[in-house]
Structure formats: structure tokens, C-alpha cells
């Protein structure tokens, strides 16, 4: 079967050094504070075993309780402060790269699109989460 997945890329520049950016991106105590696309959503719990073959499970819920899901995956490759690659629960691949530039960190996420929502909607949602990450990190550094 041919893989017809389209890759989507989102990115941000964080005004925080790489080591702190990595910490905020990977530690559950921080993940629950930024991992949602809008103020009417939340991430009430996060489990993260950041090793190759390890898994993560981030609970995503609408604050009004109307909808929720577990965002899960398995890590394929980890290079501390540089790369996180994983396979989501539905089999799609994601890579997140971190690049240092002075006291800033450039984050680039590339993921395989799913077929239920438009690529534009998916890009906007993932970008909103990454923008929320940037705001959280810069506000807590």
C-alpha cells in the first residue's frame, strides 16, 4: 500500500535557551500548562516516557466537558535538545527539531496529515499549540 500522507510543517522561535526549551517541551508538569490550541481547551494530564520505544499520553479536553481524547504515541528517535521523532497512535509520523540561535530556540514540527480535517485546519491547530507553548515558555522563564 502506498503512503499518500501529506506532510505539514509548523514552527516557532522561542526566546529561551535550548536546554530550558527542551525541559518545558518534554516535562509533564509543563506540558499540561501549554498543550492546547485555544483557551476553551485544556490538557489535564500528561504522561511522558521520553526514551526510544517509550510512550506518551496527553489527555486533551474541552473545558466544558463536551469532548476529549487521549493524544498518544511511541518515540522512534530521541536526540536530547535536538530531535524528537514519534509515531502517533493512528500510525502517523511526527518529527520535532530544536535548533539553537544565541539565547533562542527554533522549533520545527513536521507531521503527516490525517484525512478527516483539511490540511489548513490541521496546520492552524498545531501552530496554535506551538504558539501557546512559546507564550507559556517566555512567560515563565
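The values are calculated or read from the model by the stated rules, or taken from the named source; none is laboratory data. Not measured: the values here are computed from a predicted model. Heads up, the Cβs are rebuilt from the backbone with ideal geometry, glycines too, and the neighbour counts pull from every protein chain shown.
Hey, does the stretch 86-102 have a residue that's out of contact with any helix residue (DSSP H, G or I) (no Cβ under 6 Å at 6 or more places or on another chain), surrounded by fewer than 16 Cβ atoms within 10 Å (Cβ to Cβ), closer than 15 Å to residue 21 by Cβ and modelled with pLDDT under 95? Among the residues of the stretch 86-102, at least one is out of contact with any helix residue (DSSP H, G or I) (no Cβ under 6 Å at 6 or more places or on another chain), surrounded by fewer than 16 Cβ atoms within 10 Å (Cβ to Cβ), closer than 15 Å to residue 21 by Cβ and modelled with pLDDT under 95, which makes the answer yes.
Would you mind finding the one in 106, 132 that is surrounded by 14 or more Cβ atoms within 10 Å (Cβ to Cβ) and touching a helix residue (DSSP H, G or I) at 6+ places or on another chain (Cβ under 6 Å)? Even if it seems obvious, please write down each step before you answer.
Numbers: 106 fails: touching a helix residue (DSSP H, G or I) at 6+ places or on another chain (Cβ under 6 Å).
From the options 106, 132, the qualifying one is 132.
The numbered conditions (1) under 18 Å from residue 22 (Cβ atoms); (2) in contact with a strand residue (DSSP E or B) (Cβ under 6 Å, 6 or more places away or on another chain); (3) not in a loop (DSSP other than H, G, I, E, B) are all true for residue 52 except (3). For the stretch 55-66, a residue qualifies if it is in a loop (DSSP other than H, G, I, E, B) and touching a strand residue (DSSP E or B) at 6+ places or on another chain (Cβ under 7 Å), and exactly one does: 63.
Run down 36, 71, 111 and say which single residue is out of contact with any helix residue (DSSP H, G or I) (no Cβ under 6 Å at 6 or more places or on another chain), surrounded by 14 or more Cβ atoms within 10 Å (Cβ to Cβ) and part of a loop (DSSP other than H, G, I, E, B). Steps first, please.
Working: 71 fails: part of a loop (DSSP other than H, G, I, E, B); 111 fails: part of a loop (DSSP other than H, G, I, E, B).
Only one candidate passes the filter, namely 36.
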